[in-house]
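Participant: Attaching a single structure in structure tokens format; questions to follow.
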Amino acid sequence: MDRLVAKVKSSILKRGMIPKGALVCVAVSGGPDSTALLALLLKLRESLGITVKACHFDHAFRSGSERDAETARRQAKSLGVEIVFERNKNGKPQKSIQDTARRMRYGFFERLLDSGYADLIATGHTLDDCVETSVMWMLRGAGPTAFGGISAVRGKYVRPLIDVSKGEILNWLGERKIEFCEDPTNATDDYLRNRVRHHVIPAMEREAPGAVRAISRLTHLVESQGEVVDAIALEKMTGLITKPARSGGFVLDFPLLANEPVALRFSIYRAALKMAGLDIIKLQMTHVESIDNLLVKVGLGKKSVDLPGGYMARLDHDGLFLGLASETEKFPTTKFSCPLEVKVGDMALLVALCSGEAHEGAVFDIAKIADNFIFRSRIPGDFLRLKNVKGRKTLKTFLIDRKVPSGTRSAMPVLANGSEILWVPGLFLSPSIAANGCTVNTASLKWI
């Protein structure tokens, strides 16, 4: 067994990347890394007890990309490996090209996994790729977890070349005269990764020979430490969840959360948002710090933070909400009638005639309801008149005083006579419509 084959096998076994009997599909681009990965895994398939297949996704973003597919086809045929292809038919995006390419590519991989074509997808990420990723995240102001670079194992995706340098791969392919092609866009400085590869990494090596290896050791250490912190954060988070949010996401007990060390809080935010569905790659350190500022600077300004992908963090009396910032479902304007039932999401407004002496909800006198009374969501200028209190009080101030979470206020119905609010679910019923001891014709209002 030659040195590089032994090194890759050691990486696989050390990390438990590939279980015996697994169907492993190598994502081949035609480039040197994936070409070497396919050849190396084929040399290891008997000793590892695995089956090796291949796949190729053509993004079709540049002229001549079909030649890469043809190279991958020839490689697979010469090695006797089964390969499946897919080509993008939606054209090149106008922006976020690399992000779109990644989503397309991984969408293809997910379809292969779902179909049973493979148990695992092996990608040709190398030691150099891992270091470049770490430096990129550092330049973007990412936290220590992101500095861990590319994980050797992420779910059903494995990176057997994660301990192998680009130079080792090129030498190995050259010695064996194995064909591969180069993506011409890799030679440009159009993307941050290319600029880091062409300029930043060489500068580091000139100043400190062996810098890439040193950074690689650091990334593995950071990744390992990050896994420990993330495990603690996940355990802590389950005890901080006060309730799942209706719109998806979580509401966390912010007084308890604020008592945790800052590093642990940061990991809790990431864990909660990941569980809520956010692509965690898009979450930068500046976002996490902004979330934390809601807690440490409570009462001093912002109450919410917009996050990538339509997510948000919001702090109110309910707790710290982390999840999708979906449009609040407002209560539809509805003319008063009895009986009445109006559903909004998983809640319902019920108006029903009272029977007997035991009543649920707010009991009012039907005779005191005018034809122009309506149920609706709150609007600016709404006010109410409290019993034994002179003058008016704005509905906004009333809800804040009663600690009603801001995220639930717009969906909640009120009974209004113009701008005067006569009923707020569970909190207020105007004396002007309330039933008294002499009232015969009564009804109840409920928001459940």
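Participant: Is it the case that Ser290 is outside the structural domain of Ser29 (by TED's automatic domain parsing), under 28 Å from Gln98 (Cα atoms) and buried (at least 18 other Cβ atoms within 10 Å of the Cβ)?
Facilitator: So Ser290 does not fit the description; no.
Participant: Scan the range 296-348 residue by residue and report those that are under 21 Å from the mean Cα position of the chain (by Cα), among the hydrophobic types (A, V, I, L, M, F, W, C) and modelled with pLDDT under 85.
Facilitator: Passing the criteria: Leu324, Ala325.
Participant: Next question. Which residue is surrounded by the most Cβ atoms within 10 Å (Cβ to Cβ), if the candidates are limited to the range 149-176 and must be touching a Phe, Trp or Tyr at 6+ places or on another chain (Cβ under 9 Å) and at pLDDT below 90?
Facilitator: Only one residue tops the list, namely Gly149.
Participant: Follow-up question, since we're still on this one. Would you point out which residue out of Lys396, Lys390, Lys403 is among the charged types (D, E, K, R) and more than 45 Å from the chain's Cα centre (by Cα)?
Facilitator: Lys390
Participant: Identify, please: which residue in the range 371-408 is free of Cβ contacts under 8 Å to residues at least 40 places away in the same chain, among the charged types (D, E, K, R) and surrounded by fewer than 18 Cβ atoms within 10 Å (Cβ to Cβ) and is, among those, farthest from Ser444 (Cα to Cα)?
Facilitator: So, considering only residues that are free of Cβ contacts under 8 Å to residues at least 40 places away in the same chain, among the charged types (D, E, K, R) and surrounded by fewer than 18 Cβ atoms within 10 Å (Cβ to Cβ), the one farthest from Ser444 (Cα to Cα) is Lys390.
Participant: Taking the range 272-285, which residues are of a type in the set (Gly, Ala, Ser) and either surrounded by 22 or more Cβ atoms within 10 Å (Cβ to Cβ) or modelled with pLDDT of 90 or more (or both)?
Facilitator: If the condition is that a residue be of a type in the set (Gly, Ala, Ser) and either surrounded by 22 or more Cβ atoms within 10 Å (Cβ to Cβ) or modelled with pLDDT of 90 or more (or both), then Ala272 is the only one that fits.
Conditions (1) in the same structural domain as Ser165 (by TED's automatic domain parsing); (2) in a helix (DSSP H, G or I), marked per residue:
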position: Arg193; (1), (2): yes, yes
position: Val196; (1), (2): yes, yes
position: Leu218; (1), (2): no, yes
position: Met237; (1), (2): no, yes
position: Thr242; (1), (2): no, no
position: Val251; (1), (2): no, no
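Participant: Here's a follow-up. Please determine whether any residue of the range 96-118 is hydroxyl-bearing (Ser, Thr, Tyr), assigned to a loop (DSSP other than H, G, I, E, B) and free of Cβ contacts under 8 Å to residues at least 12 places away in the same chain.
Facilitator: yes
The values are calculated or read from the model by the stated rules, or taken from the named source; none is laboratory data. Everything numeric here is computed off the predicted structure, so don't read it as measured data. A quick note on method: Cβ atoms are made from the backbone with ideal geometry, for glycine too, and the neighbour counts reach across all protein chains shown.
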